[in-house]
1. Across region 34-82, what is the number of residues that are touching a Leu at 6+ places or on another chain (Cβ under 6 Å) and among the β-branched types (Val, Ile, Thr)?
2. What are the residues in region 9-49 that are charged (D, E, K, R), under 20 Å from ASN133 (Cα atoms) and part of a loop (DSSP other than H, G, I, E, B), if any?
3. One residue is enough: does region 64-76 have a residue meeting the conditions at pLDDT 95 or above and small (Gly, Ala, Ser)?
4. Restricting to region 50-83, what's the tally of residues that are hydrophobic (A, V, I, L, M, F, W, C) and assigned to a strand (DSSP E or B)?
5. Quickly run through region 93-117 and pick out the residues that are over 28 Å from GLN145 (Cβ atoms) and either touching a Leu at 6+ places or on another chain (Cβ under 6 Å) or assigned to a strand (DSSP E or B) (or both).
6. What single numbered condition from (1) modelled with pLDDT of 95 or more; (2) in contact with a strand residue (DSSP E or B) (Cβ under 8 Å, 6 or more places away or on another chain); (3) of a type outside the set (D, E, K, R) fails to hold for LEU79?
7. Show me the helices (runs of 4 or more DSSP H) entirely contained within region 118-228 in which 2 or more residues are under 23 Å from ASN56 (Cα atoms) and among the basic types (Lys, Arg).
8. Output yes when any residue across region 154-169 is among the basic types (Lys, Arg) and without any contact (Cβ under 8 Å) to a residue 12 or more places away in the chain, and no when none is.
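The values are calculated or read from the model by the stated rules, or taken from the named source; none is laboratory data. Note that the structure is a prediction, hence the values are computed from the model and not measured. Because the Cβ atoms are built from the backbone with ideal geometry, glycine has one as well, and the counts that use them run over all protein chains shown. Accessible surface is based on the protein model in full, side chains and every heavy atom, while ligands, DNA and RNA are left aside. Shrake-Rupley method; radii C 1.70, N 1.55, O 1.52, S 1.80 Å.
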Amino acid sequence: MYKNIEVLDKEKFKDIKFSEVEAKEVGKNIGLIPLGFTEIWNASHDCAVIISAGENAEFLAFCGVTNEVTIFNKENVYLPAFIRTYPFLNMDVRNEKNEASSVIGIDKNPQFVAKNKKISIIDKDKNISKEANDKIELVRELNRQREVSRKIILELKEHDLLVKKDLNVKVQEEEKVILEEFYIIDIQKLIKLDDKILATWARKGWMGIFDAHVKSIANFKKVLESNK
């Protein structure tokens, strides 16, 4: 999955259809899943919610390492919006001036997206079909929430509240890197911040997100043992 992503073009996809895919099956193919900021609390019960590296850092749910070792082999786990929108997703493209913009993309995976599938992408009036549009609107809402998360993380960086981590696991006496360079909030530094800053963040609802994120780190073990 996610190996043949294209911009969703009405003309190009007018005769193409898609199949519904169970969100859990999508999730089994993704180790790290982007989260909207309102999803962090729900995801924190099942996954380790981490902060990614890089300039556009965001909250990600660490859900597994293979199809066999994944939280989605368990019952009653939270299904993030990202996997519920398949085969649609947000993608960034650049114009000739190297200016970036967000557009709707589609994973043109022939197993789920082809002329012989069941659900039309473009309806007979040459508009996005209701079924496709429902997923696309969720993609857009998730993208808005991810942007908010990036702004939250920028503030965390400004106050030097992030700690770099790696996830290493011993396999037959040999230590292997499962996840390289991610970040977590330094809770001790956080609670020492100026009361005015903490009060502002609390009013915005951020403190609950930070608490859920920090507590979720204990779920690394739960995810890595999810095949047992």
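1. 1
2. The initial filter retains those residues of region 9-49 that are charged (D, E, K, R), namely 9-12, 14-15, 17, 20, 22, 24-25, 28, 39, 46.
Filter once more, keeping what is under 20 Å from ASN133 (Cα atoms): 9-12, 14-15, 17, 20, 22.
Scanning region 9-49 gives ASP9, LYS10, GLU11, LYS12, LYS14, ASP15, GLU20, GLU22.
3. no
4. 6
5. If the condition is that a residue be over 28 Å from GLN145 (Cβ atoms) and either touching a Leu at 6+ places or on another chain (Cβ under 6 Å) or assigned to a strand (DSSP E or B) (or both), then ALA114 is the only one that fits.
6. It is condition (2) that LEU79 fails.
7. On the way: elements: 130-158, 187-191, 195-203, 206-216, 219-224.
Correct list: 130-158.
8. Residues of region 154-169 among the basic types (Lys, Arg): 157, 164-165.
Now narrow it down to the ones that are without any contact (Cβ under 8 Å) to a residue 12 or more places away in the chain: none.
Looking through region 154-169, none of the residues is among the basic types (Lys, Arg) and without any contact (Cβ under 8 Å) to a residue 12 or more places away in the chain.
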